[in-house]
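Since the structure comes first, as structure tokens, the remarks are kept for the end.
The values are calculated or read from the model by the stated rules, or taken from the named source; none is laboratory data. All values reported here derive from a predicted model rather than from experimental measurement. Quick reminder, even Gly has a Cβ in these numbers, built from the backbone with ideal geometry, and neighbours come from all protein chains shown.
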């Protein structure tokens with residue numbers, strides 16, 4: 001065994017984040033640590049590197065080739081970090097130092113740990129950048145992080161991590177900030193490097209299917225405890241634990257059938273023709289035309305920078321369109337008075353932690369739209385309506401007097417949905433409405449959205465980077481790339497017979 | 001539980017904060033009592049002999065004599081010319097001797113007296129009122145202007161932002177004292193309200209810059225976008241949604257500027273651009289000090305210094321604690 005973790009406990013103040021975790025990382029193997037937020041997976045990994053924040057207490061043993069890392073001296077740890085054990089983090093943009101060039105940062109690790117001279121370090125850096133598959137590595141040496149794309153940054157981070165030929169590579173959600181197509185490339189790169197350099201890898205992820213595609217062994221964690229561990233094959237084929245089974249069932253899959261829904265006549269609610277948006281000379285949306293049918297869901301899929309969010313904001317009139325036409329039930333939507341328009345079209349945003357005003361109680365948040373639009377007779381009636389809506393989204397009336405920070409992410413998104421419903425809109429724009437949430441919460445919210453759609457006969461414009469989620473929700477799907485809609489078809493057809501090469505590439509990138 | 005309540009709970013755990021808050025409250029109470037006329041109403045009355053020493057100091061007989069020395073009748077050589085005002089002068093002298101006999105003045109006071117025999121302790125109390133009123137009112141004015149300008153500049157952007165940035169540059173480009181003198185010249189008369197206006201009108205720049213940056217940051221946050229999507233007006237987004245989220249910055253700046261302006265008032269009054277002679281402040285007390293120190297009369301400067309040091313230190317510590325309570329990430 002390369003690393004043996006025995007009864008690891010980590011606590012922060014009164015909170016115990018990791019409650020006695022035991023697992024091994026064998027030589028030349030990949031172990032995936034899977035769990036939702038708060039499961040203690042990242043804390044466990046950080047305690048191997050002993051990079052826990054100063055207020056943490058760690059107990060138990062972390063043995064690396066017989067040496068207990070929890071009690072090793074600072075000097076021993078410094079020698080280990082980077083040269084024997086190294087780490088790749090989630091956000092490449094914030095892990096790279098923005099004021100130094102990529103070449104300098106990779107070379108720094110070499111000079112520090114290997115004592116290479118400037119020239120030798122430069123040559124070795126060039127080889128490394130080549131090895132991690134950066135195109136034109138010589139030119140990339142002098143580039144600064146902001147000049148690279150997310151995928152290129154993550155490749156540079158990996159180059160830095162493998163610079164000193166580590167025995168163990170810890171990858172903490174290395175692809176969750178990246179697009180699916182890039183994610184696939186990075187995963188392939190990591191698997192390839194691990195094989196070629198005969199390393200072990202600890203791969204931390206919230207995504208069980210991702211773990212399945214890369215790991216030999218899987219450890220499933222929840223609330224600081226291990227729920228199941230075993231070979232990847234066994235965990236996927238015959239999960240023993242209820243929680244693992246639930247995660248497997250809930251993970252959005254392309255082959256999951258859509259829920260049957262009430263059919264409505266195909267009345268056009270919203271129609272866009274040649275919608276365009278230009279920011280300082282950059283065309284973010286290049287002429288989008290589509291229609292949303294009454295009571296139906298139009299899915300919008302695209303990677304970061306595709307312009308899908310901008311398109312959503314254009315439709316909601318939160319951005320002013322540079323050109324094109326938008327019709328709401330035949331009327332020119334850009335001419336409808338602002339308040340009247342907002343009543344008919346509401347938005348649910350991506351990040352439930354940012355979309356609620358932290359200084360407003362939930363009661364204030366929910367009654368404010370009604371007050372602005374003069375709905376409900378008085379404050380008491382508005383409060384009654386708010387309580388009704390809270391019940392609809394599965395929250396109790398005592399939430400009215402609480403503040404956003406007292407709720408979990410999933411609960412906050414429920415509140416955001418309730419706020420959008422206060423105006424009884426015809427169309428709800430959901431901009432990555434479930435992307436920030438754990439899979440179990442995601443599934444609940446998707447079902448809630450569908451129930452609400454049936455109840456209120458709302459239409460949805462459902463924007464997401466996640467093809468599986470869109471497939472589950474949408475009647476029709478459009479795929480967006482570089483500001484253009486490249487393909488639009490019924491949900492079943494587009495997944496069965498994708499026509500555009502980009503759609504095919506997207507579908508092929510999904511981990512299964 | 002609201003964020004304000006959480007901040008209050010954090011503040012209650014901060015011992016230094018509580019202690020400094022108590023001192024600040026005591027100072028404000030003294031100033032309020034003085035403003036209401038309950039204490040130090042007669043600060044201008046000449047109750048003691050000139051430079052009467054504090055009671056806890058042993059009187060120096062030589063000084064006492066010097067202090068008591070009344071108008072002497074030294075006969076002068078008039079070179080044979082008769083003083084035409086002699087009868088009037090004699091009359092005035094006689095009247096003065098009857099109305100305010102020097103014998104009735106106290107020879108020592110609790111914390112001594114100034115040149116005209118006014119009680120230094122009372123002056124210090126009255127000075128507290130002046131200095132705190134100037135500090136609080138001018139900080140409030142500066143914070144109001146800075147927040148308003150910053151909110152508009154940051155939220156609106158475009159030419160509004162350009163205009164306020166230009167104004168900011170103009171105000172910060174002119175040397176401070178020159179600007180203060182110019183405004184003092186325009187406003188004409190000396191007095192507490194003039195000093196408040198001078199400090200408030202020149203002091204908003206720092207707050208403006210911070211509030212503008214906060215608005216720039218917050219206006220693109222999702223909760224503001226969400227407020228837009230439910231139909232909240234610009235004014236509502238600026239002041240009902242964003243302002244409560246940046247108000248901790250304003251509050252901390254407000255309390256920092258109170259300290260700053262108390263010190264500025266002292267400097268202004270010391271230089272003679274501050275409050276008029278009919279008012280007393282810590283600054284005007286210090287302004288009298290140089291000539292007194294030469295004579296060894298240290299009590300006035302001591303009283304003003306102690307009062308000022310206590311108030312400023314307490315306010316500064318209070319500000320630190322408020323900042324820690326409102327923004328726990330800084331700890």
Handout entry: Within region A:5-115, strands (runs of 3 or more DSSP E) holding 3 or more residues that are more than 30 Å from residue A:179 (Cα to Cα) and not assigned by TED's automatic domain parsing to the domain that holds residue A:152
Key = A:15-25, A:56-64
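Every residue, every condition in (1) part of a helix (DSSP H, G or I); (2) buried (at least 16 other Cβ atoms within 10 Å of the Cβ); (3) under 19 Å from the mean Cα position of the chain (by Cα), yes or no:
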{"position": "B:161", "(1), (2), (3)": "yes, yes, no"}
{"position": "B:166", "(1), (2), (3)": "yes, no, no"}
{"position": "B:169", "(1), (2), (3)": "yes, no, no"}
{"position": "B:178", "(1), (2), (3)": "yes, no, no"}
{"position": "B:193", "(1), (2), (3)": "yes, no, yes"}
{"position": "B:196", "(1), (2), (3)": "yes, yes, yes"}
{"position": "B:211", "(1), (2), (3)": "yes, yes, no"}
{"position": "B:214", "(1), (2), (3)": "yes, yes, no"}
Fill in the blank from the handout: Among the residues of region A:2-19, the number that are surrounded by fewer than 15 Cβ atoms within 10 Å (Cβ to Cβ) and touching a strand residue (DSSP E or B) at 6+ places or on another chain (Cβ under 6 Å) is 3
Practice task
Scan region B:206-218 and give yes if some residue there is in contact with a strand residue (DSSP E or B) (Cβ under 9 Å, 6 or more places away or on another chain) and within 14 Å of another protein chain (Cβ to nearest Cβ), otherwise no.
Solution key: no
Handout entry: Residue check, residue A:122 in a loop (DSSP other than H, G, I, E, B), surrounded by fewer than 19 Cβ atoms within 10 Å (Cβ to Cβ) and modelled with pLDDT of 85 or more
Key = no
Fill in the blank from the handout: Considering only strands (runs of 3 or more DSSP E) wholly within region A:198-307, the ones with at least 3 residues that are modelled with pLDDT of 85 or more, in the same structural domain as residue A:506 (by TED's automatic domain parsing) and more than 20 Å from the chain's Cα centre (by Cα) are A:268-279, A:282-293
Practice task
Pick out the one residue from A:114, A:119 that is over 31 Å from the mean Cα position of the chain (by Cα), in contact (Cβ under 8 Å) with a residue 24 or more places away in the chain and more than 29 Å from residue A:41 (Cβ to Cβ).
Solution key: A:114
Practice task
Sort out which residues of region B:214-235 are touching a helix residue (DSSP H, G or I) at 6+ places or on another chain (Cβ under 7 Å) and more than 18 Å from residue A:314 (Cα to Cα), and write them in order of number.
Solution key: B:214, B:215, B:216, B:218
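To keep it simple, each residue is scored yes or no on (1) within 12 Å of another protein chain (Cβ to nearest Cβ); (2) crowded, with 19+ Cβ neighbours inside 10 Å; (3) at negative phi.
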{"site": "A:366", "(1), (2), (3)": "yes, yes, yes"}
{"site": "A:384", "(1), (2), (3)": "no, no, yes"}
{"site": "A:388", "(1), (2), (3)": "no, no, yes"}
{"site": "A:397", "(1), (2), (3)": "no, no, yes"}
{"site": "A:428", "(1), (2), (3)": "yes, yes, yes"}
{"site": "A:443", "(1), (2), (3)": "no, yes, yes"}
{"site": "A:460", "(1), (2), (3)": "no, yes, yes"}
Practice task
Scan (1) assigned to a helix (DSSP H, G or I); (2) farther than 22 Å from residue B:138 by Cβ; (3) more than 20 Å from the chain's Cα centre (by Cα) for the single condition residue B:323 breaks and write down its number.
Solution key: (2)
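Condition check: touching a helix residue (DSSP H, G or I) at 6+ places or on another chain (Cβ under 6 Å) and in the same structural domain as residue A:124 (by TED's automatic domain parsing). Does residue A:147 satisfy that?
The answer is no for residue A:147.
Test of understanding: among A:354, A:340, which residue is within 14 Å of chain B (Cβ to nearest Cβ), without any contact (Cβ under 8 Å) to a residue 12 or more places away in the chain and touching a helix residue (DSSP H, G or I) at 6+ places or on another chain (Cβ under 6 Å)?
None of the other options fit; the residue is A:354.
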Fill in the blank from the handout: Those residues of region A:53-83 that are surrounded by fewer than 16 Cβ atoms within 10 Å (Cβ to Cβ) and in contact (Cβ under 8 Å) with a residue 40 or more places away in the chain come to a total of 6
Exercise for the section: Output the residue which, of all residues in region A:308-332 that are more than 20 Å from residue A:463 (Cα to Cα) and assigned to a loop (DSSP other than H, G, I, E, B), is farthest from the other protein chains (Cβ to nearest Cβ). Expected result: A:330
Practice task
For region A:448-493, enumerate the residues that are in a loop (DSSP other than H, G, I, E, B) and within 14 Å of residue A:302 (Cα to Cα).
Solution key: A:465, A:466, A:482, A:483
Completion exercise
When (1) crowded, with 16+ Cβ neighbours inside 10 Å; (2) under 30 Å from residue B:278 (Cβ atoms); (3) modelled with pLDDT of 90 or more are applied to residue B:127, the one that fails is (3)
Exercise for the section: Give, as residue ranges, the helices (runs of 4 or more DSSP H) completely inside region B:219-302 that count at least 2 residues that are surrounded by 23 or more Cβ atoms within 10 Å (Cβ to Cβ) and within 14 Å of another protein chain (Cβ to nearest Cβ). Expected result: B:222-229
Problem - Of the criteria (1) within 14 Å of chain B (Cβ to nearest Cβ); (2) over 22 Å from residue B:225 (Cβ atoms); (3) part of a helix (DSSP H, G or I), which one residue A:405 fails - result: (2)
Practice task
Could you tell me whether any residue of region B:84-99 is closer than 30 Å to residue B:255 by Cα, assigned to a loop (DSSP other than H, G, I, E, B) and at pLDDT 75 or above?
Solution key: no
